[in-house]
Amino acid sequence: MSLSPPVDGRLGVAKTFKLYVGGAFPRSESGRSYPVSDAKGRLLAHAALASRKDVRDAVSAAAGAGKGWSGATAYNKGQVLYRVAEMLQARREGLVDDVVAAEGLTRKRASTQVDAAIDRWVWYAGWTDKISSVLGSVNPVAGPFVNWSAPEPTGVVGVLAPQGSSLLGLVDVLAPVLATGCTAVVVASQERPLPAVGLSEVLATSDVPGGVVNILTGATAELAPWLAAHAEVHGLDLAGAPAELAVELERTAADTVKRVLPRPATEADHTRVPGTARLRAWSEIKTVWHPVGR
Amino acid sequence: MEPWTYSPARENAALANLQPSYRPFVDGRFVDGDGEPLKTVNPATEEVLAEVGTASTSDVDRAVAAARRAFETTWGPMPGAERAKYLFRIARIVAERSRELAVLETLDNGKPIRESRDVDVPTAAAHLFHHAGWADKLGHAGYGPGVGGNGPPPLGVVGAVIPWNFPLLMAVWKIAPALAAGNTIVLKPAETTPLTALVLAQIAAEAGLPAGVLNVLPGAGDIGSALVGHDGLDKVAFTGSTDVGKEIQRRLAGTGRRLTLELGGKAANIVYDDAALDQAVEGVVDGIFFNQGHVCCAGSRLLVQESIAEEFGELLHARVTTLRVGDPLDKNTDVGAINSRAQLDRIVDLAAAGDSEGAQRWTSPCPLPEKGLFFPPTVFSGVEQTMRVAREEIFGPVLSVLTFRTPDEAVAKANNTPYGLSAGVWTDKGSKAMWTAQRLRAGVVWTNTFNKFDPTSPFGGYAESGFGREGGRIGLGAYLDA
């Protein structure tokens with residue numbers, strides 16, 4: 001429901017689109033907003049135009065939530081993420097509306113996108129208690145030691161969401177961050193931010209602890225450098241980085257040895273079932289040695 | 001009764017088969033590099049060991065081109081089972097020539113012969129042997145079956161730059177997985193320790209390794225820089241300082257080239273009050289004084305529980321006092337020479353910062369040789385987290401001692417560093433060891449042991465200690481297009 005005219009004499013209640021930080025829905029601390037239009041150029045809403053300080057607050061929230069989320073059992077994380085899929089399914093029609101408005105797709109194609117996003121979320125929900133078995137190993141070292149390697153979450157991941165695919169693309173890059181036990185600060189598609197706000201409302205009504213996902217709307221080029229430079233951000237996904245900024249963002253990330261997924265030359269086909277690449281990208285392998293003896 | 005004393009047990013330097021001059025290895029041959037020759041020095045005597053021809057940037061071009069040709073014409077198309085046999089051959093020859101390599105390593109690096117003989121060379125041979133067996137099993141490495149079940153394809157040409165602390169072993173840590181996965185490689189050994197990598201190249205030639213698969217370019221940092229920035233590479237693997245690692249990551253921004261970094265560390269070694277103290281003392285001593293502390297994963301911060309700090313300190317000093325510092329070729333030597341004058345200066349400077357910032361310095365009363373580059377085992381107590389000796393990587397035989405009261409405090413202090421390479425935990429309580437190991441933000445956690453390495457066991461860091469792993473199935477992924 002956006003700024004549509006009255007239907008049968010009744011004016012709809014339009015939504016205020018806000019940021020999602022630390023489990024709350026604040027406006028930008030800057031008090032700024034920007035107009036968001038649909039694919040035909042009609043005004044949909046004024047979304048919050050996040051600032052550098054909003055980035056800082058979001059990183060702080062993500063870092064604070066990291067201990068609890070990474071420490072939750074893999075089974076619990078799987079259930080929580082599956083709950084998100086349940087909530088997505090319940091809000092399917094509204095999300096389809098959002099994607100139609102944002103991307104100018106037919107209702108049928110938008111429905112396919114939303115369904116794929118829900119299914120992608122389910123796919124990653126099922127990964128939480130399998131990552132260790134698949135990416136880890138027991139290592140047959142030549143000595144009297146037990147020795148094993150297992151993935152642990154990288155930490156806070158900054159995600160520049162794909163600019164084109166406003167919901168499926170976002171889910172495609174965000175869900176693996178959560179499945180590994182990392183927490184996220186997302187900058188939504190700049191021109192198509194409203195489905196991301198819809199997703200944040202889903203997350204808030206799932207069992208995902210506040211701060212595990214933080215979603216900012218605004219100018220990607222303004223926010224990205226702060227995310228790339230922040231010492232508490234350990235990983236950076238440049239999926240939706242502006243082309244002219246991508247290299248500089250990688251350079252900035254090097255100052256704190258961040259793990260970086262570079263910007264693809266063209267936006268990925270998010271309908272393809274992913275492999276484990278994103279799960280590996282946001283995992284750190286820890287190897288533990290312990291002696292064996294009597 | 002008089003305590004027994006050690007008689008000198010000096011290894012024969014002639015076993016190193018030292019040559020007056022060495023040259024770069026490019027496209028299957030030793031060639032005259034266009035760079036200015038360097039003289040490599042024995043740090044234990046500061047005498048010149050040999051003259052080493054170095055590469056110029058045009059030699060880098062030639063080596064990368066040779067590696068590309070080999071990748072496209074011989075090594076890339078070769079069945080994995082055949083690649084495997086070359087690597088097995090090289091592993092065997094390294095083992096057969098192990099005594100020669102160990103003595104040469106000790107001469108060039110300054111590390112005790114006991115370490116080069118018992119750790120560096122056998123671990124290098126094991127690393128080659130382990131990875132040889134992967135070459136025809138890449139489809140089973142967990143990165144997907146690939147075309148025809150052969151696993152993901154290799155990346156192409158690898159540029160590798162390695163440090164001086166484990167010259168042969170670090171060379172092998174890059175070469176073995178790169179070649180097993182089907183890549184070719186151009187390796188730049190450290191300026192001060194080029195010799196064993198060049199003998200390894202000769203071994204590869206003896207094994208019949210096709211020309212261009214392995215290229216070794218001695219030189220200084222400028223050649224390393226020219227190599228890692230070369231447009232002809234598909235992958236860069238670097239082991240060294242965090243500052244240089246960051247520079248390389250910046251250089252590769254936007255190129256899409258793969259990168260793995262194994263950088264510095266400031267590892268915490270946590271000793272709980274219920275630890276087996278004598279074992280913990282041994283582990284702490286090994287953790288920091290192994291290889292003169294020239295180890296990125298050295299346990300350079302001792303975190304000891306306050307209730308046992310005094311007793312532990314006494315045991316520690318008593319044990320460190322018995323360490324024998326001296327001639328690296330003597331089989332009784334525990335701590336050898338500092339690799340270079342520049343490194344010795346850095347250690348002296350950082351130790352002085354410990355004094356000026358108010359830490360209490362204790363120096364082992366051990367005798368030092370009259371010549372050569374040596375630094376006595378040193379322990380700083382009363383160290384605070386803000387001091388440079390607690391924050392900066394010293395890369396020398398200097399231990400900083402901090403205390404803690406609770407396990408939570410131990411973990412918080414251990415993790416209070418931009419690094420995250422390794423950590424140690426000493427306790428007799430299994431659940432506490434695991435609780436601590438889970439919370440340490442470090443790529444390798446040694447519980448009730450320290451500084452253990454194995455080719456099957458992935459090694460590498462969190463955070464500013466770099467990314468990527470070396471060793472085992474997981475390390476292999478860094479050399480596959482997976």
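Just so you know, all these numbers are worked out from the coordinates, no wet-lab data involved. Note that this is a predicted model, so its numbers are computed, not measured. Every residue, glycine as well, gets a Cβ built from its backbone with ideal geometry; the counts of neighbours run over all protein chains shown.
Brief remarks on what is shown
- Kirkwood hydrodynamic radius computed over segment B:1-117 comes to 17.4 Å, based on all pairs of distinct alpha carbons.
- Column: log10 I(q)/I(0), Debye, Cα scatterers of segment B:176-303, q = 0.13, 0.14 Å⁻¹: -0.72, -0.79
- When you restrict to C-alpha pairs under 8 Å that are six or more residues apart and normalise by the size of chain A, the relative contact order lands at 23 percent.
- In this Cβ point-charge picture (+1 for Lys and Arg, -1 for Asp and Glu), segment B:268-447 has a dipole of about 480 debye about its Cα centre.
- Overall dimensions of segment A:158-243 as given by Cα atoms, namely Rg and Dmax in Å: 11.8, 36
- Cα-based equivalent ellipsoid, segment B:268-447: semi-axes from gyration tensor eigenvalues, Å: 26, 17, 15
- Cβ-based net charge around B:Pro367, under 14 Å, with every Lys or Arg adding one and every Asp or Glu removing one: -2
- Normalising the average separation of contacting C-alpha pairs (under 8 angstrom, six or more residues apart) by the number of residues puts the relative contact order of segment A:63-123 at 37 percent.
- Neighbour net charge for A:Ala231 - beta-carbon separation under 12 angstrom, K R +1, D E -1: -1
- Estimated dipole of segment B:1-136 in Debye, rounded to 20 [Cβ of Lys and Arg +1, of Asp and Glu -1, Cα centre]: 520
- Entries of B:Lys137/B:Lys246; A:Lys77/B:Lys137; A:Lys15/A:Lys40 with Cα pairs more than 29 Å apart: B:Lys137/B:Lys246; A:Lys77/B:Lys137
- Listed from fewest to most Cβ neighbours within 10 Å, the set B:Thr54, B:Thr363 follows the order B:Thr363, B:Thr54.
- Dimensionless Rg/Rh of segment B:284-341 - Kirkwood Rh, Rg from C-alpha atoms: 1.03
- Projecting the Cα atoms of B:Thr386, B:Ala433, B:Val335 onto the dipole axis of segment B:308-451, where Lys and Arg carry +1 and Asp and Glu carry -1 at the beta carbon, places B:Ala433 farthest toward the positive end.
- Highest-MSF residue in chain A out of A:Gly104, A:Gly31, A:Gly198 [GNM, Cα springs under 10 Å]: A:Gly31
- Segment A:234-294: radius of gyration over Cα atoms, expressed as a fraction of 2.2 N^0.38 Å: 1.61
- From largest to smallest, the equivalent ellipsoid semi-axes obtained for the protein assembly as shown from the alpha-carbon gyration tensor read 50, 31, 22 Å.
- Whichever aspartates and glutamates have a C-alpha closer than 12 Å to that of B:Lys266, once near sequence neighbours (fewer than 8 apart) are set aside: B:Glu392, B:Glu393, B:Glu464
- Per the Kirkwood formula applied to alpha carbons, segment A:57-140 shows a radius of gyration over Rh ratio, Rg over Rh, of 1.12.
- Nearest 10 degrees, 0 to 90: helix B:80-96 Cα axis against chain B principal axis: 50
- The lysines whose alpha-carbon is closer than 20 Å to the alpha-carbon of A:Lys18, local same-chain residues fewer than 8 away aside, are A:Lys53.
- Taking other Cβ atoms within 10 Å as a rough exposure proxy, B:Phe129, B:Phe380 sort from fewest to most as B:Phe129, B:Phe380.
- Here is the size of chain A from its Cα atoms: Rg then Dmax, 19.8, 84 Å.
- For segment A:43-170, with +1 on Lys and Arg beta carbons and -1 on Asp and Glu, the positive-most of A:Ala116, A:Gly64, A:Val80 along the dipole: A:Gly64
- Cα centroid separation - segment B:11-52 against segment B:279-296, whole Å: 30
- About the centre of its Cα atoms, the protein assembly as shown shows a dipole size close to 2040 debye [charges on the beta carbon of Lys, Arg (+1) and Asp, Glu (-1) only; nearest 20 debye].
- Reciprocal mean inverse distance between Cα atoms of chain B - Kirkwood radius, Å: 22.8
- Sequence-separation-based contact order of segment B:268-447, relative, with Cα cut under 8 Å and 6+ spacing, percent: 29
- Eigenvalues of the alpha-carbon gyration tensor of segment B:233-286, scaled by 5 and square-rooted, set the equivalent ellipsoid semi-axes at 39, 10, 9 angstrom, largest first.
- Trypsin sites (Lys or Arg not before Pro) lying in DSSP loop within segment B:351-419, provided at most 12 other Cβ fall within 10 Å: B:Lys371, B:Arg405
- Mean projection area, nm², convex hull over Cα of segment B:354-482: 11.0
- Average beta-carbon neighbours from other chains, 10 Å sphere, peptide B:427-439: 1
- Mean residue ellipticity (222 nm) of chain B, computed from DSSP H runs ≥ 4 via -39,500 (n - 2.57), nearest 500: -10500 deg cm²/dmol
- The alpha-carbon atoms of segment A:1-111 define a convex hull whose volume equals 138 cubic angstrom per residue.
- Its convex hull of Cα atoms gives segment B:71-203 a direction-averaged projected area, equal to a quarter of the hull surface, of 7.6 nm².
- Mean projection area, nm², convex hull over Cα of segment B:22-91: 6.3
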